[in-house]
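> Below is the structure I would like to discuss, written out as structure tokens.
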Amino acid sequence: LGLSLIFAGAWLRLWSIRYSGYRVRGKKFEAGLAISGPYSHVRNPLYIGNILMLMGMSFLSELLWLTPIVVVFSLFSYTCVSIYEEKELLPKQYGWEYEKYTKAVRRWIPRCKPYKKASPFFPWIDVIKTEIGAIAEVIAIITACAIKELLN
């Protein structure tokens, strides 16, 4: 279960970055509001991917009591961040388009039917380059858990 959650979270992060591009990595490149791909189902797919990965890591570490704490803390902290960004920054930057999007797509609970279909904005090779550090961290954590199991 732990590995499945980690892989699902990592996949969701990569898929999300493919549709949001450099905007999440602090670059100056701007392509507009991300509303397609995973963003057409839920407004915060990157945060959900992170939470899934943290849950998976708590399962792998066999500290099951940590899982609800991780989920609650993550939801609280991400909600504080996303509420600020969503209420203060994004309406100023995207105006009417953002208002329409927030009425159609929820923050945490995915919708089944996509809000908008579109081609990915960011090539897979660039996604991998952008996320290589996070990918290496996931591999290191999985390797550490595997070594721990082998030594027990």
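The values are calculated or read from the model by the stated rules, or taken from the named source; none is laboratory data. This structure is a prediction, so every number in the text was calculated from the model and none was measured. Cβ: placed from backbone, ideal geometry, glycine included. Neighbour counts: every protein chain shown.
> Which one of these is among the charged types (D, E, K, R), farther than 25 Å from A136 by Cβ and at pLDDT below 90: E30, E99, E62? Steps first, please.
Values: E99 fails: at pLDDT below 90; E62 fails: farther than 25 Å from A136 by Cβ.
When all the criteria are applied, what remains is E30.
> Read through the list (1) within 22 Å of Y101 (Cβ to Cβ); (2) at pLDDT below 95; (3) assigned to a helix (DSSP H, G or I), then give the number of the only condition that G49 fails.
Only one criterion in (1) within 22 Å of Y101 (Cβ to Cβ); (2) at pLDDT below 95; (3) assigned to a helix (DSSP H, G or I) is unmet by G49, namely (2).
To keep it simple, each residue is scored yes or no on (1) within 17 Å of the chain's Cα centre (by Cα); (2) surrounded by 11 or more Cβ atoms within 10 Å (Cβ to Cβ).
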site: P110; (1), (2): yes, yes
site: A118; (1), (2): no, yes
site: E131; (1), (2): yes, yes
site: V138; (1), (2): yes, yes
site: I142; (1), (2): no, yes
site: I147; (1), (2): no, no
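> Just to be sure I understand, how many residues within the range 90-125 are of a type outside the set (A, V, I, L, M) and assigned to a helix (DSSP H, G or I)?
Filtering the range 90-125 for residues of a type outside the set (A, V, I, L, M) gives 91-103, 106-108, 110-117, 119-124.
If we keep only those that are assigned to a helix (DSSP H, G or I) too, we end up with 91-94, 96-103, 124.
So the answer is 13.
> Still on this structure, please answer the following. Pick out the one residue from L66, L90 that is within 30 Å of K148 (Cβ to Cβ), aliphatic (A, V, I, L, M) and in contact with a helix residue (DSSP H, G or I) (Cβ under 8 Å, 6 or more places away or on another chain).
Working: L90 fails: within 30 Å of K148 (Cβ to Cβ).
Unique residue meeting the criteria: L66.
> Can K87 be described as assigned to a helix (DSSP H, G or I), surrounded by 12 or more Cβ atoms within 10 Å (Cβ to Cβ), of a type outside the set (A, V, I, L, M) and out of contact with any strand residue (DSSP E or B) (no Cβ under 6 Å at 6 or more places or on another chain)?
no
> A further question on this structure: Are any of the residues in the range 76-97 under 17 Å from A8 (Cα atoms) and under 18 Å from the mean Cα position of the chain (by Cα)?
The answer is no, given that none of the residues of the range 76-97 is under 17 Å from A8 (Cα atoms) and under 18 Å from the mean Cα position of the chain (by Cα).
> On the given criteria, is P38 within 17 Å of the chain's Cα centre (by Cα) and not in a helix (DSSP H, G or I)?
no
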